[in-house]
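Here, each number is a calculation from the coordinates, and none is a lab measurement. Keep in mind the model is a prediction, meaning the values are calculated, not measured. For neighbour counting, all protein chains shown are included, and Cβ atoms are generated from backbone atoms with ideal geometry for every residue, glycine included.
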Ligand code: GAL
């Protein structure tokens, strides 16, 4: 296995390169199991349309696979695990050659993926690892621990925790417990923050620190808002103010901002995020959210297509991590891209100049 090569193609360059590879191979291989550009079918199972990133992911994947000569079935399951299972069952029944799955519930897909394996379908866990099944071939994502490290490091620098005396009041939020990424994000951030909590420079007044206490069902911003409302009324009576919130994802960050606004905060604490959603980049410009972690879903889509084409051609699938992602059955070979910390100082360069977000959408 070829470890170490990273695909950091931008979406359009990546898609163009894939299209070239596909047309070059089309005449050589149009066998029954797809073959690159040989009229194969791919099923793409995405979790929800409530978060902008999955819409980008789905669109980018669809375009990239179509450019490579594939017929695409793209489905969203409204954050309902059963619905996702039945969508994948339908794809298997339609005779897809490849499944690209961003799981809603990481443990609910074993049965349907066993059916997929009987049909020799290549299964790629997309962004979120699928657990407890032998039937996942590859994992493509960003370095999830680094996402948390970037959020934690941002907090340390924003509050100058090395030099400041504090104490600062911190509250913690995490994602859905059904998502394998949740723990990686939190552990990455906590490794950076915990020493300051131990030292007493960061104080968690709510006392809520376990993953079960701080998790957010379905990554739902309104659930995070409700939890923040409760924290504010129970643990921040009188003059106590929240100074900093670890939030794992932009939709959750905006729920937290809403709770703080309705309890009268004019100046926002330091608040982290992830995904560089348009609304949150606007919040960053307005000073309502401090940072986000930008993950270029165009690069994720083109990397996925590269992996699928190599796997179907029987070539070497390029991965750069063969140790970290044990799914409970085996260590799934992974291709991990690099996330980028974005705040008011670099959003223009990272997300606008790169073409990820249209400047007009930020007006
Ligand atoms: C995670 C993903 C994040 C964020 C979150 C909520 O699995 O890695 O980027 O999108 O889901 O949708």
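Per the Cα gyration tensor, the chain maps to an equivalent ellipsoid with semi-axes of 39, 21, 18 Å, ordered largest to smallest.
Within region 144-294, the proportion of C-alpha pairs whose separation exceeds 27 Å stands at 11%.
Here r is the Cβ-Cβ distance between residue 160 and residue 239 and R0 is 22 Å; the resulting FRET efficiency, rounded to 0.05, is 0.50. When the alpha carbon gyration tensor of region 126-221 is reduced to an equivalent ellipsoid, the three semi-axes, largest first, read 29, 15, 10 Å.
Give the relative contact order (percent, whole number) for the chain; include only Cα pairs under 8 Å separated by 6+ residues.
20 percent
Under the simplified labelling scheme, the residue 119-residue 89 pair shows an inter-label distance of 1.3 nm, with each label point 7 Å from Cα along Cα→Cβ. For region 146-199 versus region 272-320, the inter-centroid distance based on Cα atoms is 21 Å. Highest mean packing first, where packing is the average number of other Cβ atoms within 10 Å per residue, the peptides 169-177, 259-267, 239-247 line up as 169-177, 239-247, 259-267.
A compact globular protein would have a Cα radius of gyration near 2.2 N^0.38 Å; the ratio found for region 52-102 is 1.15.
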